[in-house]
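Single-structure report; data block below.
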Amino acid sequence: MESFVLKADDRGYNKLVSVGGPASYIAGHPDAFITRRSSFNFGDYQTGHHGFGKIRVFGDEIFTHAGCGYNMHPHHDFIIMAFILSGELTHINTLGKVDTLKAGDYYAFSAGSGGKHCELNINQEDLHVIYVWVLPDMLLLPPTYQRAHFNSIAPRNKLVPLVGGNSSMPIDQDLSISRLDSDAPGTYEYKLKSPNHGAYVFVVEGSATLDGVLLGKRDSIGVWDTDRITLQTGAEKSDILIVETIM
Amino acid sequence: MNDPFARYLCLGCGFLYDEQMGLPEHGIAPGTRWKDIPDDWVCPDCGTPKHRFEMVAIPYASGEPEASASNTF
């Protein structure tokens, strides 16, 4: 088994303000700002991991103050996913979709042959959101937008497929995302799809032990060259994302 | 000299540079190799510098690239 551990504070950090040079990109009043913790190299953060399997961006972001966000901007090919942790995201895209997403909601916007989107927090309450960008398995696919909801109450203490694999949200890549909301001690064995797959495990809240490695809030681990991983939780309420990807 | 043409993806936004097609609308002729593009060139869509592109071996979707050639996003 191969692995790397990424502690919460060792991730990249950017504070993006809505004045000066970035004003055309960052929306909002002059006091609006976005903080971004990057698990992988992105933008000015280039001293970390290049990515993991087909993941290129894993951004843990907070949009502060009403009107804050990313103005309409173009993408190609990346499958961009957003998982809302708290607050409310207004998403607008060139497929004609205007969507409002709250805690538990998530989307997958496959930019394919070209699309633009705008991401806004129009409320006073901070928006906490995790963005995941994935390479597709074909270039210039027709753009698509899908959205769904993760109910953190009903499936508690059970791994729930959100994206790809056995989920209701297929994507054009050999990659799947599952989420576990736990409030009781438990052991979860996760069998990888093949020896060529790896898993990136991110602790959103609480803590967990992954193959003997204790992970706290916002810590993560990448694991590959193994056929399964074992996740252990305690009594503490914990929220964990597992991204399985072809390496 | 006869290396196959390669494709490079912008890690800032996904913009694609295909050596075979070049970017005639940006003054880069078809067939221009990645190494022959100036080091100070940036992504025309998002400004990401050339060194933050990644070479990709991902195939085109059926009918592409021609089907979306008029797409100017």
Using the Karplus equation 6.51 cos²θ - 1.76 cosθ + 1.60 (θ = phi - 60°), what ³J(HN,Hα) coupling, rounded to whole Hz, does each residue of region A:172-183 give in order, writing x for Gly and Pro? 8, 6, 7, 8, 9, 10, 10, 9, 10, 10, 10, 9
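Stokes-Einstein at 20 °C, 1.002 mPa s, Kirkwood radius from Cα pairs: D for region A:55-141 in µm² s⁻¹? Show your work: numbers first, answer last.
Values: Rh = 13.0 Å.
So the translational diffusion coefficient is about 165 µm²/s.
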Would you please state the base-10 log of I(q)/I(0) at q = 0.21 1/Å for region A:1-95, with intensities from the Debye formula using one equal scatterer on every alpha carbon? -1.26
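Keeping the other protein chains in place, figure out the carbon and sulfur percent of the accessible area of the protein assembly as shown, with a 1.4 Å probe.
52
Using a ≥ b ≥ c from the Cα gyration tensor of chain B (square roots of the eigenvalues), is it rounded, prolate or oblate, where a/c under 1.5 gives rounded and otherwise the larger of a/b and b/c decides, a/b for prolate?
It comes out rounded by the Cα gyration axes.
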Here FRET efficiency (C-beta to C-beta, A:ALA235 to B:ASP39, R₀ 51 Å, nearest 0.05) is 0.40
For an R0 of 35 angstrom, estimate the FRET efficiency from the Cβ-Cβ distance between A:LEU95 and A:TYR25 and round to the nearest 0.05. 0.95
Average beta-carbon neighbours from other chains, 10 Å sphere, peptide A:70-77: 5
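May I ask you to order A:56-64, A:95-103 by the average number of other C-beta atoms within 10 Å around their residues, highest value first?
A:56-64, A:95-103
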Classify region A:94-149 as rounded, prolate or oblate, taking a ≥ b ≥ c as the square roots of the eigenvalues of its Cα gyration tensor: rounded when a/c is under 1.5, otherwise prolate if a/b is larger than b/c and oblate if not. prolate
Counting only backbone N atoms under 17 Å from a point 7 Å out along Cα-to-Cβ of A:ASN157, the residues of region A:210-231 in range are A:231
Using only the alpha-carbon atoms, what does region A:125-193 span along each of its principal axes? Please give whole angstrom values in decreasing order. 45, 39, 17
Given axes a ≥ b ≥ c from the Cα gyration tensor, I'd like to know whether region A:119-247 is rounded (a/c under 1.5), prolate (a/b larger than b/c) or oblate. oblate
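Taking Cα pairs under 8 Å and at least six residues apart, what relative contact order does chain A come out at, in percent?
Working: 706 pairs, mean separation 45.5, N = 247.
Dividing the mean separation by the residue count of chain A yields 18 percent.
Taking the protein assembly as shown on its own, what percent of its Cα-Cα pair distances exceed 34 Å?
Details: 11620 of 51040 pairs.
Looking at the protein assembly as shown, the distances longer than 34 Å represent 23 percent of pairs.
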Given the options A:PRO30, A:HIS128, A:LEU141, identify the residue whose Cα lies farthest towards the positive end of the charge dipole of region A:1-153 (+1 on Cβ of Lys, Arg; -1 on Cβ of Asp, Glu). A:LEU141
Using the Cα centre as the reference, give the magnitude of the dipole from point charges on the C-beta atoms of region A:60-153 (Lys, Arg: +1; Asp, Glu: -1; all else neutral), rounded to the nearest 20 debye. 280
Within straight-line cross-link reach of A:LYS116, lysines at Cα separation under 24 Å, skipping those fewer than 8 residues along the same chain: A:LYS15, A:LYS54, A:LYS97, A:LYS102, B:LYS50
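The values are calculated or read from the model by the stated rules, or taken from the named source; none is laboratory data. All values derive from a computational prediction rather than experimental measurement. Positions of Cβ are backbone-derived with ideal geometry, glycine not excepted, and every protein chain shown enters the neighbour counts. SASA here: full protein model, heavy atoms, side chains in, ligands and nucleic acids out. Shrake-Rupley method; radii C 1.70, N 1.55, O 1.52, S 1.80 Å.
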